[in-house]
1. For the stretch 228-351, report the accessible area per residue in Å² (1.4 Å probe, heavy atoms, rounded to an integer).
2. Can you work out the FRET efficiency for the pair TYR126 and THR337, with r the C-beta to C-beta distance and R0 = 51 Å, to the nearest 0.05?
3. May I ask which of LYS276/LYS349; LYS327/LYS349; LYS37/LYS210; LYS59/LYS327; LYS468/LYS518 have a Cα-Cα span longer than 31 Å here?
4. If amide hydrogens are placed 1.01 Å from N in the peptide plane, which non-local residues have theirs closer than 5 Å to the one on MET50?
5. If I compute solvent accessible area with a 1.4 Å probe over the protein chains, what percent of it on the stretch 197-331 is carbon and sulfur?
6. From the cross-link list LYS214/LYS262; LYS189/LYS262; LYS17/LYS93, which pairs have alpha carbons spaced over 20 Å apart?
7. Can you tell me the relative contact order of the stretch 203-257? Whole percent, Cα pairs under 8 Å, sequence separation 6 or more.
8. Ordered by residue, what ³J(HN,Hα) values in Hz, to whole numbers, does the stretch 354-367 give under the Karplus form 6.51 cos²θ - 1.76 cosθ + 1.60, where θ = phi - 60° and Gly and Pro are x?
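The values are calculated or read from the model by the stated rules, or taken from the named source; none is laboratory data. Just so you know, these numbers come straight off a predicted model, no measurement behind them. With ideal geometry, Cβ positions are generated from the backbone for all residues, glycine too; neighbour counts draw on all protein chains shown. Side chains included, ligands, DNA and RNA excluded: accessible areas come from the protein's heavy atoms. Shrake-Rupley method; radii C 1.70, N 1.55, O 1.52, S 1.80 Å.
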Amino acid sequence: MAETAQKQEEYRVLARKYRPQNFDELIGQDALVRTLKNAIESGRIAHAFMLTGIRGTGKTTTARIIAKALNYTGADGNADPTTGDMSDCETCKAIAEDRHPDVMEMDAASRTGVDDIREILDGVRYAPVSVRYKVYIIDEVHMLSKQAFNALLKTLEEPPSHVKFIFATTEIRKVPVTILSRCQRFDLKRVEVPTLTAHFDMICQKENVKAEDKALHLIAQAADGSVRDGLSLLDQAMALGEAGKITADEVSSMLGATDRVKILDLIEAALSGEAKKSLDIMHDLYRIGADPRAVLQDMMDMVHGLSLLTVNKDAVLEALPHAGLDKARSLATQLTTPQLQKAWQVLLKGLGELYNAPNTQKAAEMIILRLIYAADLPDPADLLKRIKEGKVTIAPTSGSQSADDGGSQPRLKAIAGGGAIASAVAEPQTFDVQSPDTLEAMIQLFADHGEMLISDHLYRDIACVSLKKGHFEFIPYESAPADLAGRVRTCLKNWTGDAWMVSVARKQDGFLSLAEQKQAANDAEINKVKETPAIKAVLDVFPDAEIVKIYKREDEE
């Protein structure tokens, strides 16, 4: 039990165990390694270095390697600086373990003030204790305050010959230009997937772990160019695998990743308008544990890859195996750039919506349905061309639409399929409605066309000032919508074919709505009836009685 506990305590994660110790072990940074090697070997060593790049690409590791290379003394303590192996140097071991008094590392994220920089500047003037150079490594240097940067400027420009500064940052834009101009800048790039895959394979061999190539490829993709992130995932995969083996299925489940070939099938089905097949694939991906957000992100990656293939048929997509690449090239020949651009925009907007959705799977399915609908829409440029050529004409729709577009907004009548226009039907626009010449006729016209809301507004919420063919002027009440005139004008033009002028007049006395006119006429008739002897006698006996409505006999009509 004691031995087991000791082994567990001694275990180091892969990111620390396989941290590069010299320039030759740095992966994916060939330009940086070549430049630094040449500089050290020729003695052209800058007094300050700025290392920038995303997390996990080796900024702090490179800083330590530079410090070791400059202070290398060899096994006998008399060797010159080197760019090769440094494992025989006790000084280098102390630097690697962060215990050498002349090589100091500072985390600017936790020590951001000017007082922290002053501590460094106070020690700059003193010579190193036992090595050639005093090296100050400041990580996340962009976190320093403005005052701290200002305090560093003069010393950084003209430091003593025995001092070297090495800065590391992930946010190079936040570092003042005055600081950058005093440093040699090195941009550490993302490590490519094949390089990471080979590196992980080498580590698995050293750890006596058998890993499938596809599993390592998935981990390298998920690392997104970061060696440290990839090693953390590899560590997790080793713990997940049984009997010292890492399989692609286990890694895919661990990452919540998706099968890229299935993603390609999903895009093909969606852009072909196959709703049932698309949703079935989404259900399958969700059932095996794929995150809906990851599915949409992978779809965007695939749409981007297909777009590249439409431009260059020989483009290589790292996200696809060879079998899937052949299928992608075939699909790319069937799709157009406008189709892929529409798909990209739908997915991009949908991905943003997904983060606010209460149920991500349902939201993802709605986005897929939107993508299917968008695939059937014609290309605007092609549509305009066909209109100019007379192959597509404007035809009125039957039935009612929204009140905003007048209920019968003309639409392009065409037969669409596969995301593009297959053929078009030309139908002339005809008008069989007479222009109304009274307010009652206009109200009835809107009711007949299903625009009951506008019809009710015309009856209750406006007072007609003038109405004749092609011209309608009214006084709106407060209850009338602000856009009533525009909606009435659009509807009348669409239904009658005449150009109507619908204007709004200022409020003035003497004009009533049709509803108020009818109510006033009804009130006058009731008052007249009240004065008849028979009704007057009834009201005297029943003083609380009210006359609500007057019905005429048929023989009086």
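1. Ligands and nucleic acids excluded, the figure is 49 Å² per residue.
2. The calculated FRET efficiency here is 0.20.
3. Cα-Cα > 31 Å for LYS37/LYS210; LYS59/LYS327; rest within.
4. PHE167, GLN184, ARG185, PHE186
5. Accessible surface attributable to carbon and sulfur in the stretch 197-331 totals 50 percent.
6. Checking Cα-Cα distances, LYS189/LYS262 exceed 20 Å.
7. 43
8. Each residue of the stretch 354-367 in turn: 5, 6, 9, 7, x, 10, 5, 5, 5, 5, 5, 5, 5, 5 Hz.
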